[in-house]
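All remarks here apply to the structure that follows.
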Amino acid sequence: MEAKFCMACGHALEIRDVDGTPRKACTGCSYVHWGDYSIGVGALVIREGKVLLVRRAQEPGKGNWTNPGGYIEQLEPIQETVEREVQEEAGITAVVKSVVALRDQPRSIHNVYIAFAMEYVSGEPQPDGVEVDGAGFFSLEEMETMPVASFTRWLVEVGLQERSAGLMIDKEPAWDQIKGYGLFRTQAG
């Protein structure tokens, strides 16, 4: 959906040059619409050498196997989002270990997707029956005969390579002013 009216005061938006870029700006106040964005998250949960996958029950990608994931909620910390999505879609409890990959997909709604390596905690795969109609842990050999989405194949390859630990959650930031932020950083060596 295209923004046509100001979210602050309701006046019409017009195209205006803002710092050298044409942007939608309010005709009645100082509001600038910076663009439309979505942030998705995905989980790489590995148990006994097998990767957790779910089969999409809805478009896009209906019938394809993917890693569990979804979109962040406005006030939800991103690590809680991916943990919730794994629980909702697959019935698995897992916790974030690190950020292992990022996809930037510029389009009409600019999409950023962040993939997390997650530590399996408990549960047996159980699809939610709404978004997904299948769930399980699969080996690379089993995936060869399955319709696994190409992006998921790439994520599985990245997740299994383990060249580095990725970006870890910074649970104890050095400055009080940034406590409460969702902070990720390279592991101190």
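The values are calculated or read from the model by the stated rules, or taken from the named source; none is laboratory data. Because the structure is a prediction, the values reported are computed rather than measured. Virtual Cβ from ideal backbone geometry, glycine too; neighbours counted across all protein chains shown.
Give the stretch 13-65 a look and list any residue that's under 30 Å from GLN161 (Cβ atoms), surrounded by fewer than 17 Cβ atoms within 10 Å (Cβ to Cβ) and of a type in the set (S, T, N, Q), or say none.
SER38
Being of a type in the set (Phe, Trp, Tyr), surrounded by 17 or more Cβ atoms within 10 Å (Cβ to Cβ) and either in contact with a Pro (Cβ under 6 Å, 6 or more places away or on another chain) or at pLDDT below 95 (or both) is the requirement here; does PHE151 meet it?
yes
For the stretch 115-133, state whether one or more residues are more than 16 Å from TRP65 (Cα to Cα), out of contact with any Lys or Arg (no Cβ under 9 Å at 6 or more places or on another chain) and modelled with pLDDT under 95.
no
Among the numbered criteria (1) surrounded by fewer than 15 Cβ atoms within 10 Å (Cβ to Cβ); (2) over 19 Å from GLY63 (Cβ atoms), which single criterion is violated by THR93?
Here THR93 meets the rest and fails (1).
Among GLY35, GLY10, which is the only one that is assigned to a loop (DSSP other than H, G, I, E, B), at pLDDT below 95 and at positive phi?
Going through GLY35, GLY10 in turn, the sole match is GLY35.
Inspect all residues belonging to the stretch 51-58 and state whether any of them is in a loop (DSSP other than H, G, I, E, B), among the hydrophobic types (A, V, I, L, M, F, W, C) and in contact with a Lys or Arg (Cβ under 9 Å, 6 or more places away or on another chain). I'd like the intermediate steps shown before the answer.
Residues of the stretch 51-58 in a loop (DSSP other than H, G, I, E, B): 57-58.
Applying the additional criterion that residues be among the hydrophobic types (A, V, I, L, M, F, W, C) yields 57.
Going one step further and asking which of them are in contact with a Lys or Arg (Cβ under 9 Å, 6 or more places away or on another chain), we end up with none.
No: zero hits.
What are the residues in the stretch 89-145 that are assigned to a loop (DSSP other than H, G, I, E, B), more than 11 Å from VAL45 (Cβ to Cβ) and not charged (D, E, K, R), if any? Show your work before the answer.
Residues of the stretch 89-145 that are assigned to a loop (DSSP other than H, G, I, E, B), as a first pass: 91-92, 106-109, 123-131, 139, 144-145.
Retained after the next criterion (residues that are more than 11 Å from VAL45 (Cβ to Cβ)): 91, 106-109, 124, 126-131, 139, 144-145.
Residues satisfying the conditions are GLY91, PRO106, SER108, ILE109, GLN126, PRO127, GLY129, VAL130, SER139, THR145.
Across the stretch 154-178, what is the total count of residues that are loosely packed, with under 15 Cβ neighbours inside 10 Å, within 16 Å of the chain's Cα centre (by Cα) and under 16 Å from GLY49 (Cβ atoms)?
So in the stretch 154-178, the residues loosely packed, with under 15 Cβ neighbours inside 10 Å come out as 154, 157, 160-165, 171-178.
Filter once more, keeping what is within 16 Å of the chain's Cα centre (by Cα): 154.
Still in the list and also under 16 Å from GLY49 (Cβ atoms): none.
Selection size over the stretch 154-178: 0.
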